[in-house]
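The values are calculated or read from the model by the stated rules, or taken from the named source; none is laboratory data. Computed from a predicted model, the values in this text were never measured in an experiment. Don't worry about glycine lacking a Cβ; one is built from the backbone with ideal geometry, like all the others, and counts go over all protein chains shown.
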Amino acid sequence: MDDDEFFGLFRKNDMQGFHDRLDSLPADIADEKVRVSLWRVSALMTEGRYQEALDFLQESDEHFPCKTLVYHQRAKIYQRIGQGQGSAGHMETAPFASELDRYWPLVMDAKFYRLYLMAEQKRRIDPALLDEIPDDFMYIMLEGNRISKADLERVIDA
């Protein structure tokens, strides 16, 4: 199944069909397991089934070679259910440094999101952490809106 089919079911809001299709896929290839797992988490979040999404991430943790991605997904769920303080704290233990070279885009997304959470909570942000984010970096929030590093700096300065 290609991503266009997933997007089509998502756009139709056919969540049962979406889950049925995911269940029918062979899950014996490592990359496919990651892709299917991410789609499953997205579907559960779209349906407001946040605890199930967290449980699923916990159960399928071994499918994800990039553990920072799992931390990032969990943090987004915690934020969505109003546990922002917990989501920022959760991100503190993500293995950013050890995974940066191999999974740069995923780690940078997670680093940015961590700083965004800290800024929203008015926590002090070490300028060195902000310096790690490229000036032209753009993050796409769950709602689809884009946030640049300059936008993040304005939130921090507010």
Restricting the stretch 134-158 to residues that are loosely packed, with under 15 Cβ neighbours inside 10 Å and basic (Lys, Arg), the one farthest from the chain's Cα centre (by Cα) turns out to be Arg154
Any residue in the stretch 10-31 that is at pLDDT below 90, of a type in the set (Ser, Thr, Tyr) and touching a helix residue (DSSP H, G or I) at 6+ places or on another chain (Cβ under 6 Å)? no
Which condition number does Leu100 fail, the rest of (1) at pLDDT 90 or above; (2) assigned by TED's automatic domain parsing to the domain that holds Glu120; (3) loosely packed, with under 13 Cβ neighbours inside 10 Å being met? (3)
Just one of Lys33, Lys111 is surrounded by 15 or more Cβ atoms within 10 Å (Cβ to Cβ), basic (Lys, Arg) and in the same structural domain as Asp136 (by TED's automatic domain parsing); which is it? Lys111
Test Ile156 against the stated conditions and say whether it is at negative phi, among the β-branched types (Val, Ile, Thr) and either in contact with a Gly (Cβ under 8 Å, 6 or more places away or on another chain) or part of a loop (DSSP other than H, G, I, E, B) (or both). no
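I'd like the residue in the stretch 44-88 that is of a type in the set (Lys, Arg) and without any contact (Cβ under 8 Å) to a residue 60 or more places away in the chain and, out of all such residues, is nearest to Leu117 (Cα to Cα). Walk me through it before giving the result.
In the first step, residues of the stretch 44-88 are kept if they are of a type in the set (Lys, Arg); the result is 49, 67, 74, 76, 80.
Subset that is without any contact (Cβ under 8 Å) to a residue 60 or more places away in the chain: 49, 67, 74.
Working: Arg49: 22, Lys67: 19, Arg74: 13 Å.
Within the stretch 44-88, the match that is nearest to Leu117 (Cα to Cα) is Arg74.
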